[in-house]
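Trainee: Here it is: the structure, laid out below.
Laboratory data are not the source of any read-out in this text; all were calculated from the coordinates shown. Since we're looking at a predicted model, the values are computed, not measured. Note that each Cβ is placed from the backbone with ideal geometry, even for glycine, and that neighbours are counted across all protein chains shown.
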Amino acid sequence: MTRTVSRALGALALCLAVPATASAQTFELFGPDPSRSRYETPQNFSLELRFSPWQPEVDGEFTRNGPFLAYFGESDGNGQRRVSDRLLSGLELDWQALRINPLGSLGIGVGVMYSTFTATAPITATGASSGQESSLNLLPMYGTVVLRLDVLARRTVVPLVLYGKAGLGATYWWITSGDNLARRNALSPSAPTNNTADYGQAAVGLSTTWHAAAGLQLRLDFLEPRAQRAWDLEMGVNHSYLFAEYMLTRDLNAQQLRVGSHAWTFGLAFEF
């Protein structure tokens, strides 16, 4: 499967999720929120554009010089090799299902992201460069529960929102050699450590994970209040944010390709 097709499948999956929840409404606990303006449009969802400097812990089972480092590591100029972080980018859509007045909301979300590691593959017998580009492509997908505490942004002049997340995910991954899928072998990041039965098979798989995260959002309404109100009335976007989030991801199965990680994520969020 090529990168283009895989990205399209991820985008399609997210697009299919939107119509399924388009009629969903937020339920309010403890009565209507008095801080809402009567001119404000209904708010039920949040959409995040997410970007992170990222590196999965593929070599987590090795004490040193694992296959991930052998394939994608680069010299740091001091005689050591390291794998540089790559950009992990994607989207998350949250349904703010329950409004807990006046504190915040409890919701559920789905997300899809993408990243790739590319290097020149070594020749198996000698370790010398083959001149053939090899890539490890990862497509993390996840579901999450989201608790948002926006009482400060709604009731005071402090435009900050605290939130926490927890959930489960699955990362579809595949390795290419040139324009073709690679095959499993002893030097591949996907090679099993205790079983050679699937050597020679296509280097694709699915790794399952759990995650927990905490973040802080800066509500941008204060920069241009009139523009934000106009955006709400004309397009239904209630609020916009910059955010920073720290996420810890851990693998559920030690026998799979390990994609656990810990990283800061930054981006833009829009409530509508």
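Trainee: Contour minus end-to-end for Ser84 and Met235, with contour as 0.36 nm per residue of separation and end-to-end as the Cα-Cα distance?
Mentor: 50.3 nm
Trainee: How would Thr120, Thr176 line up from fewest to most surrounding beta-carbon atoms within 10 angstrom?
Mentor: Fewest to most other Cβ atoms nearby, the residues stand as Thr120, Thr176.
Trainee: Sorted by packing (mean other beta-carbon atoms within 10 Å per residue), highest first, where do 232-240, 167-175 land?
Mentor: Descending mean neighbour count gives 167-175, 232-240.
Trainee: If you count, for each residue, the other Cβ atoms within 10 Å and average over each peptide, how do 134-146, 26-38 line up from highest to lowest?
Mentor: For the peptides 134-146, 26-38, the packing ranking is 134-146, 26-38.
Trainee: Give me the extension gain from Phe222 to Ser37: residue separation times 0.36 nm, minus the current Cα-Cα distance, reported in nm with one decimal.
Mentor: 65.1 nm
Trainee: Determine the distance separating the Cα centre of segment 225-272 from the Cα centre of segment 51-101; give it in Å without decimals.
Mentor: Segment 225-272 and segment 51-101 have Cα centres separated by 17 Å.
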